[in-house]
1. What does the convex hull of the Cα atoms come to per residue for segment 142-201, in Å³?
2. Averaged over every viewing direction, what's the projected area of the C-alpha convex hull for segment 345-404? Give it in nm², one decimal, please.
3. When the chain is fully extended, how far beyond the present Cα-Cα distance does residue 353 get from residue 215, taking 0.36 nm per residue of separation?
4. Between segment 370-393 and segment 154-195, what is the separation of their alpha carbon centroids in Å?
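What follows draws every value from the coordinates through simple rules; no lab data is involved. These numbers come from a predicted model, not from an experiment.
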């Protein structure tokens with residue numbers, strides 16, 4: 001068997017190396033582009049054709065330390081504690097030039113600059129469960145398990161001007177108008193209940209251009225991303241490039257956008273997720289090497305109240321009819337009531353296949369250092385009610401969060417990507433977040 005599978009493993013290894021070499025080439029092109037334009041700008045100054053070159057490399061280091069402890073009555077391991085540190089290093093090289101008497105932002109090359117970011121995610125956590133091995137109180141024992149990891153969180157380089165940018169590497173890509181129930185959660189997995197808004201990035205290249213009327217266009221390409229993302233039924237085939245784009249235009253007192261993404265899925269790494277409500281028998285036929293097209297529409301308008309719509313249609317060919325088309329639609333609105341310091345309310349409703357979910361978010365700033373936030377989700381099919389209450393207290397050195405929740409045991413919110421079973425049942429969570437920055 002070893003000799004039979006060795007060519008396959010060798011091929012996969014070569015694919016990984018090829019992907020890594022491709023990203024190295026792309027990063028080199030960004031660095032070369034930035035360095036070349038810096039030298040070009042310096043040459044123009046020396047020849048007195050351009051004036052006003054701004055040179056100065058800025059390096060910033062920042063970090064975020066968070067620690068937490070929680071109790072969840074519905075979790076298999078009810079007691080949990082841990083800590084996380086996010087170190088982040090930023091580099092910025094401004095390269096401005098302008099024609100004599102002209103404005104640096106008057107043409108495509110205005111405000112040319114290069115910047116880069118590298119950050120890590122280092123965390124460790126422990127979980128404790130109380131177990132009983134007999135009828136006597138003396139037979140009660142405590143079991144614990146530990147987990148920890150150090151990984152790259154962000155790693156990208158970018159060349160940008162006042163109107164355009166090109167960013168390459170491990171980065172965060174997100175867009176859309178919805179806040180809590182997001183059909184356009186194509187590349188991130190942020191949970192609105194998470195104070196840190198953590199999400200892993202994707203390997204790719206993204207370019208954006210901004211027009212004078214605030215319209216903008218996005219283009220991206222991804223490669224080497226094999227982890228199943230957010231609302232995806234299947235993970236992507238990391239060896240095949242993904243690509244897409246987005247066009248956003250102003251409309252009246254708001255904006256509208258159209259998005260598209262095409263990818264190849266990988267059935268071999270599939271894990272059945274009953275949250276989406278599909279028959280598992282349908283997920284075993286014809287899904288390997290499947291190409292998938294995603295079409296998105298979102299809009300937001302602000303008049304007396306703010307209201308928005310976000311919709312996604314996913315088309316697959318060569319699969320059972322139940323899976324060939326998938327639709328998700330969210331409508332929402334927000335308004336700030338003139339009560340006290342201002343009571344903010346957000347409501348959204350999402351339809352996703354067989355599920356209807358309503359979400360409500362109420363936020364009240366008590367004073368400069370304290371605020372209260374309540375989030376509620378209701379799943380109409382099962383009658384599941386999810387409640388989350390958060391108090392934030394700002395300290396001189398960071399932020400303290402006290403959170404309480406009351407949710408169904410072992411249940412997840414359809415349409416949410418976190419899969420956070422630590423919020424199962426009833427419980428409480430404490431979190432301390434400390435940020436620091438140096439130059």
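1. Cα-based convex hull of segment 142-201, divided per residue, equals 148 Å³.
2. The Cα convex hull of segment 345-404, projected and averaged over all directions, gives 4.9 nm².
3. Between residue 353 and residue 215, full extension yields 46.5 nm more.
4. Going from one Cα centre to the other spans 25 Å.
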